[in-house]
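Read through the structure below, which is laid out as structure tokens, and then see the notes.
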Amino acid sequence: MKTVNDADRADPSWAGQHTVEKIGGTSMSRVRDLLDTLFIGDREDPYNRIFVVSAFGGITNLLLEHKKSGGAGVYAAFANDEEDSGWLTALKTVAEAMAKAHREVLDHPGDLAQADEFVRERVEGARSCLFDLQRLCSYGHFQLSSHMMSIRELLSGIGEAHSAFVTTLLLQRHGVNARLVDLSGWRDEGNLSLDERIRAGLSSVELTEELAIVTGYAQCGEGLMREFDRGYSEVTFATIAALTKAREAIIHKEFHLSSADPKLVGQDRVRKLGHTNYDVADQLSNMGMEAIHPKAAKTLRQADVPLRVTNAFEPHDPGTLIDDKPAETPGVEIVCGLNVVALELFEQDMVGVKGYDSTILEALKRHNVWIVSKTTNANTITHYVQASLKTARRVIADLVEIYPSAEISARSIAIVSAIGRDLSGLKGVTRGLAALEKAGVNVIAVHQTPRNVNLDFVLAAEDRDAGITALHNALISPDQSDTAQDRAAA
């Protein structure tokens, strides 16, 4: 029998025969529903698949901090609370939420008892670890700040180890030979690389006879959270697919990858993408609409593993395939929008002088600001960044010290982007401007690069949703009257 650690790894018999599949936290909260759609259903053979799972919905927020609101979880409470009460209360809340989550999934008393014990052991272990760290750092030779990333990693792994354990119990109870593969490094004294951690975890798994349920967090020497923070599970997923030479990598979501948000443009007007490429996936990541983390996309692309994005609750729909193939015909595939801050530096003396751009980039990097787009002319550089105005003002304060005579400003705006594998010959600028004018939306700026993958319209922040609707209706799902006007104009 072949396993993923056989000596003939260079060309194993199972290569290209299995899939590696990821389930996000929101879908994991409905994992019981997935028995009949994803895990078992009407499949004759549930094997030759590796599932990478996230924590149940909301658990990672409680362990770290709320991803959107920033509300403190265990990590944030531990980092900021000089007393024990804050993080201890937060850890108790986590334990209660984890127990509630697995009680909504499991119903057999034996399974529930195992899941309760799993939570108790992990939470008690984390509590002891944090207490020990506090005692250690009470000595001047040890600084708590130098250990915080390790704590963040430790806490992250608890949620995903829990969901993987519970999913394994659920599948075993329903007759599937499921195998838990815990990559979280719990009580592991080794310091393996990510590749080594994955190979060790999967070394004894027989893919043709076992369904591997793998934690999305993997403890490794590189430190996944240091570079990827909350995007680590997709990096683990992509690395597993690349290392095991998967036939396909699949991400299961609660929705299809569509041409726009159906809540904005109408369910009857959106289209499932069906097929696109990694260029489009990268543009979506840049616009905060990640089909997949860009590092994970790069790993799959380099390994020549195609990615499929499906609706986990529509098992017979093939979803959207993402590969390296160009479009057969030009066309806009998706329209999306993002609120950003326009950070603009004007300096009359900039003309012909080098160094302004690199200085601004250093300030943005120092404050961990994500750059979405930028434009320049002879004496002005504008960066469109994803950051709060408060953070933008800190960047401005740094730049004012260096360029005291410059005019530096920041304002909230929106970028609405029309994205596709090939936008050439579509007259996208002309048609887009006409559609926005017809909708009463004022355009601040328009950006398009020669690569013809994205076309960006800069709008007032309050016009973002109206701009998405207008551009989608004009460029992807036009009315018959609009189509006739386009033909006449051509």
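The values are calculated or read from the model by the stated rules, or taken from the named source; none is laboratory data. A quick note: this is a predicted structure, and the numbers were derived from the prediction, not measured. With ideal geometry, Cβ positions are generated from the backbone for all residues, glycine too; neighbour counts draw on all protein chains shown. The accessibility values were calculated without ligands, DNA or RNA, using every heavy atom of the protein model including side chains. Shrake-Rupley method; radii C 1.70, N 1.55, O 1.52, S 1.80 Å.
A242 - would you say it is assigned to a helix (DSSP H, G or I) and farther than 22 Å from L62 by Cβ?
Answer is yes for this residue.
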Original post:
If the Cβ limit is 6 Å and pairs must be 6+ apart or interchain, which residue in the stretch 24-38 that is surrounded by 21 or more Cβ atoms within 10 Å (Cβ to Cβ) pairs with which residue that is part of a helix (DSSP H, G or I)?
Top reply: M28/S163; V31/T167
Original post:
What single numbered condition from (1) of a type outside the set (G, A, S); (2) under 15 Å from L284 (Cβ atoms); (3) open to solvent by 60 Å² or more (accessible area, probe 1.4 Å) fails to hold for L300?
Top reply: (3)
Subject >> Options V335, V305, V341, V385: the member that is crowded, with 18+ Cβ neighbours inside 10 Å and part of a loop (DSSP other than H, G, I, E, B) >> reply: V305
**OP:** State which residue pairs qualify: first residue without any contact (Cβ under 8 Å) to a residue 60 or more places away in the chain and under 29 Å from D36 (Cβ atoms) and inside the stretch 172-192, second residue outside any helix (DSSP H, G or I) and open to solvent by 60 Å² or more (accessible area, probe 1.4 Å) in any location, beta carbons under 9 Å apart, and separation of 6 or more residues or different chains.
**Re:** R179/S204
Subject >> Candidate set from the stretch 254-276 (those that are open to solvent by 40 Å² or more (accessible area, probe 1.4 Å) and within 18 Å of the chain's Cα centre (by Cα)); member that is farthest from L321 (Cα to Cα) >> reply: D261
Original post:
Has the stretch 156-173 got at least one residue that is open to solvent by 40 Å² or more (accessible area, probe 1.4 Å), assigned to a loop (DSSP other than H, G, I, E, B) and not acidic (D, E)?
Top reply: no
**OP:** Inspect all residues belonging to the stretch 419-430 and state whether any of them is under 28 Å from the mean Cα position of the chain (by Cα) and assigned to a strand (DSSP E or B).
**Re:** yes
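If you check K100 against the conditions, is it out of contact with any strand residue (DSSP E or B) (no Cβ under 8 Å at 6 or more places or on another chain), assigned to a loop (DSSP other than H, G, I, E, B) and free of Cβ contacts under 8 Å to residues at least 24 places away in the same chain?
In short, no.
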Original post:
Before we move on, is E314 more than 21 Å from L471 (Cα to Cα) and open to solvent by 50 Å² or more (accessible area, probe 1.4 Å)?
Top reply: yes
Original post:
Of the residues G216, G223, G231, G201, which is in contact with an Asp or Glu (Cβ under 8 Å, 6 or more places away or on another chain), surrounded by fewer than 17 Cβ atoms within 10 Å (Cβ to Cβ), within 19 Å of S54 (Cα to Cα) and not basic (K, R)?
Top reply: G223
Original post:
Which condition does V395 not pass, out of (1) more than 30 Å from K68 (Cα to Cα); (2) assigned to a helix (DSSP H, G or I); (3) open to solvent by less than 60 Å² (accessible area, probe 1.4 Å), if it passes all the others?
Top reply: (1)
